[in-house]
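**Q** Following this message is one structure expressed as C-alpha cells.
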Amino acid sequence: DRRILEAARAFGARAELTRPDHRSGTDRMAEVAERIPADLYVNLQGDEPGIDPAEIDRLIGEIGSAPMATFRRKLALEEAENPNVTKVVCDRHGYALYFSRAAVPFVRDVGRDVPRWAHVGIYVFRAEALRRFVGFAPGELEQAESLEQLRALENGMPILTVPTAMRCFGVDVPEDVGRAERILEER
C-alpha cells in the first residue's frame, strides 16, 4: 500500500512496494528478497504492532538449524474460541504440528491441563527455505484455514516455535483498532 510505503519512508525505513497479486505476506517478502540478498529474512506481520523489537532479535538468535521459526505465547482462556487468534500445537521439541483458527487441542477429559498456545505473527526464514516456501502451491489446509504457515507444514517444512512471554495483540477486525491504539498509548 502506497500509504504504508510513504509512512515508512517518512521515519527513515527502507521500504519497497510489491506486486498486488501475491497470496500472502511471505510471498511479498520473497519478491523483495530477490532484490535484497541476505541469509535470513524476517516477516513481521503488519497486524501485530505490539511486537517488542528485542524479541525480534531473540527469535533471529533462536532459529538454530531450523528452516523457519516463529513465536508462540500462552493462549488466554477467552481467546480459545476466537477464530482471529491463531492457535498452534507443537511437538516436544517446539516444532509446529498444526496451526488452526479452531480451539486446538481439543481436551476431551474435563480438568486435564494441556498447554495451549497462540501463534504470534512473525516468521524468520532462512533464504533457501523462503525460496522453497514460495515455490509450493497453496494446499488444502492453507486455503481452508486461510493460514499461510500451513503451506510449509503441508510440504514437510518444519517450523520451530519459540515460546515468548510477550503479550502482543493482533489487529484483525475493525473493532481491534481502538484497543490497539489504547495499548500503544499506554506504552
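**Q** Quick one: in region 112-163, which of the residues that are outside any helix (DSSP H, G or I) and small (Gly, Ala, Ser) is nearest to GLU79 (Cα to Cα)?
**A** The initial filter retains those residues of region 112-163 that are outside any helix (DSSP H, G or I), namely 112-126, 136-139, 146-148, 155-163.
Now drop any that are not small (Gly, Ala, Ser), which leaves 118, 121, 137, 139, 146, 156.
Working: ALA118: 9, GLY121: 15, ALA137: 30, GLY139: 26, SER146: 18, GLY156: 28 Å.
The selected residue is ALA118.
**Q** Within region 76-85, can you find the residues that are more than 22 Å from ARG182 (Cβ to Cβ) and either in contact with an Asp or Glu (Cβ under 6 Å, 6 or more places away or on another chain) or open to solvent by 20 Å² or more (accessible area, probe 1.4 Å) (or both)? Break it down into steps so the answer makes sense when it comes.
**A** First, the residues of region 76-85 that are more than 22 Å from ARG182 (Cβ to Cβ): 80-81, 83.
Passing the criteria: GLU81, PRO83.
**Q** Same structure, new question: List pairs: first in region 50-74 and more than 17 Å from TRP117 (Cβ to Cβ) and open to solvent by 20 Å² or more (accessible area, probe 1.4 Å), second modelled with pLDDT of 95 or more and not in a loop (DSSP other than H, G, I, E, B), Cβ under 6 Å, 6+ apart or cross-chain?
**A** ILE60/VAL124; PRO67/ARG126; PRO67/ALA129
**Q** Just to verify a result, which residue in region 86-102, among those that are among the aromatic types (Phe, Trp, Tyr) and free of Cβ contacts under 8 Å to residues at least 60 places away in the same chain, is surrounded by the fewest Cβ atoms within 10 Å (Cβ to Cβ)? Walk me through it before giving the result.
**A** First, pick out the residues of region 86-102 that are among the aromatic types (Phe, Trp, Tyr): 95, 98-99.
Still in the running and free of Cβ contacts under 8 Å to residues at least 60 places away in the same chain: 98-99.
On the way: TYR98: 17, PHE99: 25.
If we take residues in region 86-102 being among the aromatic types (Phe, Trp, Tyr) and free of Cβ contacts under 8 Å to residues at least 60 places away in the same chain, then TYR98 is surrounded by the fewest Cβ atoms within 10 Å (Cβ to Cβ).
**Q** Filter region 52-86 for residues that are aliphatic (A, V, I, L, M) and touching a strand residue (DSSP E or B) at 6+ places or on another chain (Cβ under 6 Å) and give the result. Walk me through it before giving the result.
**A** Taking region 52-86 and keeping what is aliphatic (A, V, I, L, M), we get 54, 56, 59-60, 63, 66, 68-69, 75-77, 80, 85.
Within region 52-86, LEU59, ILE60, ILE63, ALA66, MET68, ALA69, LEU75, VAL85 meet the criteria.
**Q** What number of residues within region 59-110 are more than 16 Å from the chain's Cα centre (by Cα) and of a type in the set (D, E, K, R)? Give the steps one after another, and end with the answer.
**A** Start the filter on region 59-110 by keeping residues that are more than 16 Å from the chain's Cα centre (by Cα), which leaves 61, 64-65, 76-82, 91-93, 102-110.
Imposing the further condition that a residue be of a type in the set (D, E, K, R) reduces the set to 78-79, 81, 91-92, 108-109.
Of the residues in region 59-110, 7 are more than 16 Å from the chain's Cα centre (by Cα) and of a type in the set (D, E, K, R).
**Q** Another question, if that's okay. Among the residues that make up region 151-171, is at least one of them without any contact (Cβ under 8 Å) to a residue 12 or more places away in the chain and closer than 28 Å to ALA33 by Cβ? Full working, then the answer.
**A** Let us first name the residues in region 151-171 that are without any contact (Cβ under 8 Å) to a residue 12 or more places away in the chain, namely 156.
Among the residues that remain, those that are also closer than 28 Å to ALA33 by Cβ are: 156.
Looking through region 151-171, at least one residue is without any contact (Cβ under 8 Å) to a residue 12 or more places away in the chain and closer than 28 Å to ALA33 by Cβ.
**Q** Now a separate question. Check off (1) under 18 Å from ALA66 (Cα atoms); (2) part of a loop (DSSP other than H, G, I, E, B) for VAL173 and give me the number that stays unchecked.
**A** (1)
**Q** Search region 9-30 for residues being more than 26 Å from VAL162 (Cβ to Cβ) and in a helix (DSSP H, G or I), and hand back the single one that is least open to solvent (accessible area, probe 1.4 Å).
**A** It comes out as ALA10.
**Q** Name the single residue, out of those in region 103-138 being touching a residue at least 24 places away in the same chain (Cβ under 8 Å) and within 11 Å of VAL85 (Cβ to Cβ), that is most open to solvent (accessible area, probe 1.4 Å). Spell out how you get there, then give the answer.
**A** Initially, region 103-138 is screened for residues touching a residue at least 24 places away in the same chain (Cβ under 8 Å), giving 115-134, 138.
Cutting the leftovers down to within 11 Å of VAL85 (Cβ to Cβ) gives us 116-121.
Working: ARG116: 62, TRP117: 40, ALA118: 0, HIS119: 21, VAL120: 1, GLY121: 7 Å².
So, considering only residues that are touching a residue at least 24 places away in the same chain (Cβ under 8 Å) and within 11 Å of VAL85 (Cβ to Cβ), the one most open to solvent (accessible area, probe 1.4 Å) is ARG116.
The values are calculated or read from the model by the stated rules, or taken from the named source; none is laboratory data. Just so you know, these numbers come straight off a predicted model, no measurement behind them. Reconstructed Cβ throughout: ideal geometry from the backbone, glycine too, with neighbour counts over all protein chains shown. Calculation scope for accessible area: heavy atoms of the full protein, side chains included, ligands and nucleic acids excluded. Shrake-Rupley method; radii C 1.70, N 1.55, O 1.52, S 1.80 Å.
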